[in-house]
Every structure is written in structure tokens, then in C-alpha cells.
Amino acid sequence: MAVKTKKAVPIGRQAATKKSNTIKLKFDTSWTYAPAPESKSAATINKQYDLFINGEWQKPLSKKYFDTINPANEEKLSEVADANAADVDKAVKAARNAYEKTWKKMPAKERAKYIFRIARIMQEKARELAIIESLDGGKPIKESRDFDVPTAANHFFYYAGWADKLEYAFPNRTTEPLGVAAQIIPWNFPLLMAAWKIAPAIATGNTVVLKSAETTPLTALKLAEIIQEADLPPGVVNIITGAGATGAAMVNHPDVNKIAFTGSTDVGKIIQRSIAGTDKKATLELGGKAANIIFEDAAIDQAVEGVINGIFFNQGHVCCAGSRLYVQESVAKEVIRKLKDRLESLIVGDPMDKNTDIGAINSKSQLDIINKYIGIGKKEGAEMYQSSCRLPGKGFFCRPTLFTNVAQSNRIAQEEIFGPVLAILTFRTEDEVIEKANNSPYGLSAGVWTDKGSKIFNMTKRMKAGVVWANTFNKFDPTSPFGGYKESGFGREGGLHGLLPYLNLKS
Ligand code: NAP
Ligand code: MG
């Protein structure tokens, strides 16, 4: 349990300084939390990982490995195989073989048992998975422990339940799996994205080749160990590691029936071009620039907390992050003051500390992108406020940042930054804010804060976003579909809707 102490002000909880561009607020810094680091000893990380193909660990034909580091201290954690096109081919062959000979023939209720077993083992190993997720990706342990890992296990539980009930999901239709699914995931929710992809695919009778992101391969490899322990028939799930070229080889493999991709809009467009003219099916879950809207009748403190959670959760490495805040003019001053106060109290630092609110940025290149956008915001004439916290000397960290006086046309209001940077804009009327919020190439999610139910219904109807949260933000549940409009992609993951992209419906 965290203990109050009178010791020196630690990283992330420092008194406000008088530097220009930082917040000049007075805070009670006479107490803080003692460090409460999670122990690394509860996790086993091998020195080297091969590829998980056909139920066993196989050396890469490429003979190449690359390092994965801890972004909080830049130390090497392990090295993983760099799969080339020949490795991809081997994995796809294993998946095809398992599909034809075993998985599609197996009664659905038997398939479900394996998936339940995976979910249960994930729960048993929850602590280890959370530790590895935070070490490899930089997210605070309280998030990987309380959100990523339990939600990932819940996806396996949820889709295990659907496996033998597809006739109820799609009444009066017969369903048929697609075959082999190539699944490519990003680095912001490595285990959760793997669960989002694998659980519905195998529940509907498909087999899988999944590639994790270059900087965060370790929890997907732990999941491979769990799948092995669950005795899933060999080849049903193959987990490989590699960079963009590995993903491209998966997309272009002729024996793949379905591509499930989560990542940037740019790579999504490349994938769409690559599969044009083929009969491969695809779901693309891409970028976002969510509008979070506060009306004057909202519960302001609750809304401020929601905005903080919406953009600073997971260092802003969230496709649906509420990175554009629209505040009704009459309450703008109050909201901005409260946001600055709250910004200053956020604890930035060691992801393994249970008190940390904002951990490490996932990679040096992502930190460079975020810093580039902070520079662009300043150049565009917006006013910047940053927390005055002291950042750790090593690793990739960024102060939580907000910009006021932002114009709708500014790049920081239009482009995805994927970091802890909030752009604040104001509005007067409902029509105006809908116009502004929808004026974006993206349409993944949005948030509305108001006391009036009728306003919520009006807004949700008119907002072009796949998810609209009302008086909350960033809430996820395996039963709810998730996906975008416009350049945020197409197809839905989660819920009953998440079954459809893995099935052909007949008659
Ligand atoms: P990214 O660069 O598009 O990478 C995503 C995945 O694709 C990685 O595994 C990457 O491998 C791989 N890849 C790269 N080039 C490829 C190619 N030509 N063909 C096939 N695969 C390729 O995205 P990211 O920077 O990792 O992730 C951040 C982006 O993901 C943000 O834009 C965010 O909004 C989006 N995102 C969307 C959702 C959603 O549900 N809509 C959820 C999470 C994240 P490497 O890692 O080795 O480069
Ligand atoms: Mg890493």
C-alpha cells in the first residue's frame, strides 16, 4: 500500500516552476507517495524467442533476430526472430493444414473448450502478463494489470461462448469460416489486440497467423506459450515476429483468405492497394482524432477527469484517444483551469510503479513524432501548457501537454499525434460543435459530456464516429463492437458484429 511521506519531491510530482510555457500554479508538494514498484521477479522472459509455428518453437529461416527493449530505461529485454517471406509461408502452410485437417471439422463446442482454456490460463498468468506488458511497452503497471490483461482474457471468454451459438447470432443463415486469417497488430495494446484478433477468428473456425509489432513482441509470445499449454491443435494459431516487411509478406501471401489489420491509416492504405483485385477479405482498424465535447450543463469535475483519462491514458497511445477537446465557451475558463491543475498532479515516470499515471513513450521514434507535433503546435500560434514534472534521465518520456487557442485548421487539431498532447477548442452551439467535430478525416470515437439525455441522443445520431461515449470515455467491453468511419477504417471488432468479418453467411 502506498504510504504518505515527507521526503523530497520525486519525479513526476514536482512543484511548479517559473519557466515560460509551464504552469505557474502552487501545489502542496509537502507529501507524496513512496515508490511502490511491482516486482519483476514474477515474470520470466527468455533471452531469445523463436517463431511459434505449428505448435512448436521454430528457428527462423531468415536466421535473423532483433532486440526488444524496455522503453523506460532503454535496456535490452530479449531478442526475437525476424520472420522473412519463407517463414511467413511456413506459418501460412501450418495454418492451412490445421484448418483443412482439424479445426474446421471439429464440432464447435469442442473448439469452445480450447478457447475457454486459453482464457483461464491467461487469468492464472495475469500478473506475469501485466509485468511483461509494462516492461516491453512502457505502459503503467496499473493499466496493464487492471485493463489490458483482464480485458484480453475476457475477449477469449466472450468468443468462446459464441463458438457453438453462431446459429443464434445469425438466425436462418448457415455460416462458414473463411480459412486462414493473417493478423497484424500495433504496439499500443499488444496483448489486447492479439486477443481481439485471435479469439473471434478461432471461435468461428478459422486458423491464424499473427504478427506482433516490432517494439512489443513479448506478450504475444507469452500468449503462444499459453496456447501451447492449452493444447490447442498445432497450427491453429501461429505467432510470428518481425517488422513491416513481415507484415507485407503476410498480406501478399496467396493462400491467405482474410487480413485483419490494426495500425496506421498509411499502412492500411498500402494493404488495401495490395489486396485490390484479390478475393481476400479485410478489416482495417486505423487511426483516430477523437472529439471530446463538454457542454456547459455537464458535471464539470467528472468531465475534466474523463478528458484526462481520454488523452493521457496509456501516454495517449490510443487510437480512440480524446485528443481534441471542444468546450462550450461559457465554461471554457473553468475547464481549462481545472485541467491544468489536474495535469500538474499526474505522476509521470517508472511504468512499474503502481502509482504512475503516465509511463514511457513506446519508442524513440514515437517520442520524436510527439515532440515534432509539440513544436508544430507552438509554431501554429497555439498556447502550450506542460506539467512541470521532472522526467527520468533515461528512457523515452514526455510531459503531459495541452494547447489552448487552437484553431480548427491547425495541424495539432487535425492530425493524429498518438501521444499525451491535448488540443483545446471552444464552441457556442450544438450545431457548431457537431460541424467542427465531424470536420476530420477520421471517425473512430467521440465523447459527449452533458446533463441532458436528449442532447446525448442528438449528438450520437449526428456524430460520424464508430463509438460515442456519453459522460465517460475509453470504456471497453468484449460485447461492444468497435471500429471506424472514414479514414479510421472499416469492419467491426468486438461483440456479435466482430464475428461477421470471419464468416461467410450462406442461404
Ligand atoms: P503501423 O506502423 O501501421 O504498424 C502496425 C502494424 O503493421 C505493425 O505490426 C507493423 O510492423 C505492421 N506493418 C508496418 N508496415 C507494414 C506493411 N507495409 N504491411 C503490413 N504490415 C505492416 O502502426 P503503429 O505505429 O504500430 O500503430 C499506431 C497506429 O495504430 C495509430 O495510427 C493508431 O491510431 C492505430 N491504431 C488503431 C486502432 C484501432 O482499433 N482503430 C487500435 C490501435 C492502434 P512494425 O511494428 O514492425 O512496424
Ligand atoms: Mg519493447
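The values are calculated or read from the model by the stated rules, or taken from the named source; none is laboratory data. Note that the structure is predicted; figures quoted are calculated from it, not measured. All Cβ positions, glycine included, derive from the backbone under ideal geometry; neighbour counts span all protein chains shown.
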Suppose the filter is over 30 Å from F403 (Cβ atoms), hydroxyl-bearing (S, T, Y) and surrounded by 17 or more Cβ atoms within 10 Å (Cβ to Cβ); does Y49 pass it? yes
Somewhere in region 447-460, is a residue on the phi > 0 side of the Ramachandran plot and either crowded, with 24+ Cβ neighbours inside 10 Å or touching a residue at least 24 places away in the same chain (Cβ under 8 Å) (or both)? no
Based on what the data block shows, is D148 surrounded by 22 or more Cβ atoms within 10 Å (Cβ to Cβ), within 16 Å of ligand 1 (Cβ to nearest atom), in a helix (DSSP H, G or I) and in contact (Cβ under 8 Å) with a residue 24 or more places away in the chain? yes
One residue is enough: does region 125-132 have a residue meeting the conditions part of a helix (DSSP H, G or I), within 27 Å of L499 (Cβ to Cβ) and away from ligand 2 (no atom under 16 Å from the Cβ)? yes
If I ask for residues that are under 18 Å from I412 (Cα atoms) and in a helix (DSSP H, G or I), which ones from region 316-338 would you list? G316, I336
Does A243 satisfy being within 16 Å of ligand 2 (Cβ to nearest atom), among the small types (G, A, S), surrounded by fewer than 24 Cβ atoms within 10 Å (Cβ to Cβ) and in the same structural domain as I271 (by TED's automatic domain parsing)? yes
In region 53-76, how many are out of contact with any strand residue (DSSP E or B) (no Cβ under 8 Å at 6 or more places or on another chain) and away from ligand 2 (no atom under 16 Å from the Cβ)? 4
Meets criteria (modelled with pLDDT of 95 or more, closer than 30 Å to D67 by Cβ, assigned to a loop (DSSP other than H, G, I, E, B) and not acidic (D, E)) for T246: no
Just to be sure, is K76 surrounded by fewer than 17 Cβ atoms within 10 Å (Cβ to Cβ), away from ligand 1 (no atom under 16 Å from the Cβ) and touching a residue at least 24 places away in the same chain (Cβ under 8 Å)? no
Would you confirm whether or not region 479-490 contains a residue that is on the phi < 0 side of the Ramachandran plot, more than 23 Å from the chain's Cα centre (by Cα) and among the hydrophobic types (A, V, I, L, M, F, W, C)? no
Could you grab me the full set of residues in region 346-404 that are among the charged types (D, E, K, R) and more than 20 Å from R145 (Cβ to Cβ)? K364, D368, K372, K378, K379, E380, E383, R390, K394, R399
